[in-house]
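Every read-out reported here was derived from the displayed coordinates using simple, explicitly stated rules and does not represent laboratory data. Source: prediction; values computed, not measured. Glycine gets a Cβ as well: all are built from the backbone with ideal geometry, and neighbour counts include every protein chain shown.
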Amino acid sequence: MSISLKKVLPFVIGIGLMALALSYLYFSLSPQQHPSEMVLVPEGPFIMGSDKIDEEGLQGELGNKKPFYLDEHPERRLSLPPFLIDRFEVTNKDYAPFIVEKRRKPPAAWGGPNYPQGQDLLPVVEVNWYEARDYCAWRGKRLPSEAEWEKAARGPNGNLYTWGNTFDATQGNVSAGTHGSVMMVGRFSNDRSDYGLFDMNGNVMEWTADWYLPYPGGDHQSPLFGQQYKVARGDAYGDSGHYTLPIFARLTFRQNVFPEERFPFLGFRCAKDL
């Protein structure tokens with residue numbers, strides 16, 4: 001029995017096109033195709049925020065202008081689509097080519113047109129929000145949203161710290177610790193989130209994309225809310241000049257910062273859509 005080539009050819013072409021499409025999807029979504037410096041955070045639910053209150057009266061005792069915990073309310077269970085995020089904070093070595101190509105002003109911490117010798121793997125600091133945004137865009141990336149940052153840091157179980165739910169100043173380069181300077185990224189192996197990101201708990205604080213706004217359903221009103229401050233996340237090294245209490249190492253803590261400001265304890269990492 002003979003089969004007409006004219007009848008078979010469309011079927012063969014269809015099978016071939018389907019195979020090509022499946023192959024493209026496989027390789028385009030395969031983790032091996034992700035930039036090596038980035039980590040995939042999968043789709044799914046996570047815990048954001050907290051319902052904690054200042055039972056110890058720390059705000060009054062320390063003279064802090066912003067009430068503790070209230071801007072974290074309420075604790076919610078959210079879901080995000082999958083995304084990529086840098087495994088480490090952006091380093092001096094990463095940032096240097098951007099300075100040259102885009103003719104940008106070097107960070108003041110460099111003390112000149114180039115960063116000091118031996119500081120390749122220190123996180124770049126004294127970079128404002130706009131400079132961080134522009135660097136990420138130059139790399140084909142973007143700054144992470146607050147929600148993305150918190151999911152990547154707390155993991156699927158909603159940890160308060162990357163290593164668990166009990167504070168331990170020896171686990172990361174945090175302000176309540178004894179490490180008095182910024183350190184090489186990835187130095188603290190225990191400051192590693194369940195998704196494999198390093199230094200989310202300490203070393204330097206990190207810019208996020210978002211304005212400092214109340215969470216939906218929150219019970220706290222503040223004149224600080226609005227499109228005047230951006231949110232920075234994470235704690236920073238000891239003696240960094242901002243905070244020295246365990247409360248600020250909690251991964252739910254939100255720091256409001258003017259986007260034009262630069263600090264020696266504030267850096268960033270980038271994210272990317274799939």
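Does region 180-274 come out rounded, prolate or oblate, given a ≥ b ≥ c as the square roots of the eigenvalues of its C-alpha gyration tensor, rounded meaning a/c under 1.5 and, failing that, prolate meaning a/b above b/c?
prolate
Only four residue types carry charge here, +1 at the Cβ of Lys and Arg and -1 at the Cβ of Asp and Glu. Report the dipole size of region 37-273 about the Cα centre in Debye, rounded to the nearest 20.
Taking the Cα centre of region 37-273 as origin, the dipole is about 720 debye.
For the ranges 182-189, 42-49, 263-270, what's the packing order if you count other beta-carbon atoms within 10 Å of each residue, average per peptide, and put the highest first?
Packing proxy ranking, top to bottom: 263-270, 182-189, 42-49.
In nm, to one decimal, how far is the modelled label at Asp51 from the one at Asn165, with both set 7 Å along Cα→Cβ?
1.3
Apply 1/(1 + (r/R0)^6) to the Cβ-Cβ distance of Lys66 and Gln33, taking R0 = 45 Å, and write down the FRET efficiency to the nearest 0.05.
0.60
For Lys272, which lysines qualify as cross-link partners when the Cα separation must be under 30 Å and same-chain residues fewer than eight apart are set aside?
Excluding near neighbours in sequence, the set is Lys93, Lys102, Lys105, Lys141, Lys151, Lys230.
Between Thr178 and Gln117, what is 0.36 nm times their sequence separation minus the Cα-Cα distance? Round to one decimal in nm.
19.5 nm
Taking Rh as the Kirkwood radius, which is the inverse of the mean 1/r over Cα pairs, what is the Rg/Rh value for region 37-273?
My calculation of the ratio gives 0.94.
In terms of modelled amide H atoms, which long-range or inter-chain residues lie less than 5 Å from the amide H of Gly267?
Counting only residues 5 or more places away or on other chains, the set is Met205, Glu206, Trp207.
Can you give the FRET efficiency for Asp194 and Phe225, using 1/(1 + (r/R0)^6), R0 = 22 Å, r = Cβ-Cβ distance, to the nearest 0.05?
0.10
Quick check: pseudo-label points 7 Å beyond the Cα along Cα→Cβ at Ala108 and Glu260, how many nm apart are they?
1.4
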